[in-house]
Amino acid sequence: MHATQRGNDGVGQGSKETTDGGDGRCITGVAIVAEVGGEELKKEEVGEEEPLRSLPGQWGALLREGRILTALLLSTSFSEKYKGRHMHPGSVAEVRVPTIAESGETTRTLRPRLLHRSGNREAVAFIWLGDEGARDSTLYVAFSPMRYRSQFFKIYCAGVVDDELDNGSVAKQTAWTKPQVEERGRKVVVPISAYIHGKLKRLWGQQGLWGYLSQCANKFKTHRIIFSGISHGAALAQAAALQFRIRQPTADVLVVTWNAYRWTNDVGRAVAEIELGGRLLPLVLSRRGIEPHATRYWDSVTGFPANYVPMPNLVFLDADTGQMFVHTAPNQNSSFGAAFLMRMFELHFAKAAINATKKATVLSLGGRDEQITDDMYSVGPLAEALQQKLLNTSEHFVRSGRRIKKATSAEIAHVRNRFSSASRDLRRGATELHPSARAKPSVSKPWQHCFAWCWRF
């Protein structure tokens with residue numbers, strides 16, 4: 001069963017196809033066809049790309065209204081790692097988002113208000129109330145990005161635990177029970193990275209995030225709740241949104257993330273697909289070169305750790321144009337090396353994500369691309385210079401490795417040819433020198449001559 005949905009929210013041009021997998025699951029993808037000699041030929045077969053025309057559910061409208069960009073800025077520029085470090089409940093953040101107005105203005109300022117902050121150091125979440133003056137009926141739950149380099153190794157070394165939400169006052173046995181199977185008395189337990197599990201357990205319980213977010217959900221019942229984050233904050237946002245959605249099924253929970261690393265296995269992915277579905281928008285920054293036959297590459301962190309699996313509905317966000325594409329290889333793993341570092345420094349961090357998301361917002365409004373202003377950067381000049389230096393160094397390593405590999409391959413081919421030629425010469429010489437290999441003249445015995453002479457008569 002196939003159902004093709006078409007729409008236009010300014011994201012790009014293309015058609016979206018929803019396929020029923022036969023077991024109740026919906027598989028979403030892009031189906032683009034072209035006429036070649038009177039026959040239809042899929043563009044994927046000829047290596048062409050087509051951007052997404054529409055986003056699922058509410059995401060198209062949220063992109064146009066600047067809510068997605070606001071969620072990103074609150075989880076980066078106004079996070080614990082940057083401007084939000086010294087902000088307290090009641091503080092107001094000034095967020096500039098693109099707009100198209102009759103007055104000719106290209107930006108407008110939104111002023112979300114900080115309601116609550118939980119956590120410290122390696123896991124921090126802020127709850128923001130959307131700008132009521134701009135009719136933003138949103139509660140933003142923004143998770144801060146990675147703060148210490150040591151966290152990278154903790155994530156890599158973390159095992160998997162069968163997580164059941166434990167915040168002290170809530171029964172463990174119901175936290176991760178899927179409503180679809182609860183009536184039959186079965187429970188599905190979601191395996192989750194031990195590192196993510198430990199941080200969320202502390203945030204929800206000891207640091208009070210669960211209690212305050214539940215109060216906000218009850219107080220602002222008409223508001224949507226958007227969980228957001230980038231990198232480490234993205235993984236925390238995905239897991240937290242899934243937990244909250246399971247426990248609060250009536251809440252309008254959505255989650256948008258950028259460049260999340262992996263934190264669960266196939267079981268967790270299946271639960272997220274059922275519970276969140278189109279409410280989940282995991283974005284992966286990508287880029288495609290301008291050279292002929294260039295291929296698209298993306299942030300390497302999203303393929304890490306290799307023993308976990310990614311979330312469903314992965315979408316490429318082009319870092320240069322702001323266009324969105326269906327992820328072509330979501331299950332591809334990343335391996336450490338110079339290329340891993342180069343792609344990470346180029347596409348993983350907040351500056352690239354903010355730049356691309358602003359361009360996507362402008363495109364959705366039908367406007368033209370414009371440059372990001374410096375005040376929207378979330379890193380200082382020194383950090384940006386260091387990041388650029390590391391990127392250049394990684395790129396130098398990659399190019400040097402390719403040159404060495406090419407030179408080595410040519411040398412190996414030359415040696416192999418010399419060896420083959422020497423082997424042929426050796427075999428030829430051995431054949432000429434070995435007596436048994438030479439052609440021997442036929443020697444007839446006497447009785448054979450006699451028999452031949454009698455045979456003549």
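The values are calculated or read from the model by the stated rules, or taken from the named source; none is laboratory data. Being a predicted model, the structure only gives us computed values, none of them experimental. As a convention, Cβ positions derive from the backbone with ideal geometry for all residues, glycine included, and neighbour counts pool all protein chains shown. Just so you know, the surface numbers come from the protein's heavy atoms only, side chains and all, with ligands and any DNA or RNA stripped out. Shrake-Rupley method; radii C 1.70, N 1.55, O 1.52, S 1.80 Å.
Of all the residues in region 257-277, those that are touching a Lys or Arg at 6+ places or on another chain (Cβ under 9 Å) and touching a residue at least 60 places away in the same chain (Cβ under 8 Å) number 4. Among the residues of region 306-328, those identified as surrounded by fewer than 20 Cβ atoms within 10 Å (Cβ to Cβ), of a type outside the set (A, V, I, L, M, F, W, C) and over 12 Å from the mean Cα position of the chain (by Cα) are N307, D320, T321. Applying the criterion of being open to solvent by 40 Å² or more (accessible area, probe 1.4 Å) and in a loop (DSSP other than H, G, I, E, B) to the residues of region 127-145, the residue that is modelled with the highest pLDDT is S137.
Quick check on E35: is it open to solvent by 50 Å² or more (accessible area, probe 1.4 Å) and modelled with pLDDT under 85? So E35 fits the description; yes. The single condition from (1) of a type outside the set (F, W, Y); (2) within 27 Å of the chain's Cα centre (by Cα); (3) over 15 Å from N313 (Cβ atoms) that A217 fails is (2). Taken over region 98-117, the criterion of being at pLDDT 85 or above, touching a Lys or Arg at 6+ places or on another chain (Cβ under 9 Å) and not β-branched (V, I, T) is satisfied by P98, R108, L110.
For region 278-294, a residue qualifies if it is touching a residue at least 40 places away in the same chain (Cβ under 8 Å) and open to solvent by 20 Å² or more (accessible area, probe 1.4 Å), and the qualifying residues are G278, R279, R287, R288, H293.
Matching residues to (1) among the polar types (S, T, N, Q); (2) surrounded by 15 or more Cβ atoms within 10 Å (Cβ to Cβ):
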| position | (1), (2) |
| --- | --- |
| T70 | yes, yes |
| G84 | no, yes |
| H88 | no, no |
| E94 | no, no |
| G119 | no, yes |
| E122 | no, yes |
| R147 | no, yes |
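The conditions of being more than 19 Å from P51 (Cβ to Cβ), modelled with pLDDT of 90 or more and open to solvent by 10 Å² or more (accessible area, probe 1.4 Å) are met by E275.
Only one of the numbered conditions (1) touching a Leu at 6+ places or on another chain (Cβ under 6 Å); (2) surrounded by fewer than 17 Cβ atoms within 10 Å (Cβ to Cβ) is violated by T222, and that is (1).
When the residues of region 201-219 are narrowed to those that are closer than 23 Å to E132 by Cα and polar (S, T, N, Q), which ends up surrounded by the fewest Cβ atoms within 10 Å (Cβ to Cβ)? Taking the candidates together, the pick is N218.
Pick from region 283-295 the residues that are among the charged types (D, E, K, R) and assigned to a strand (DSSP E or B): which of them is farthest from E49 (Cα to Cα)? Only one residue tops the list, namely R287.
One residue stands out among those in region 82-114 that are touching a strand residue (DSSP E or B) at 6+ places or on another chain (Cβ under 8 Å) and among the charged types (D, E, K, R): the one that is nearest to A125 (Cα to Cα), which is R113.
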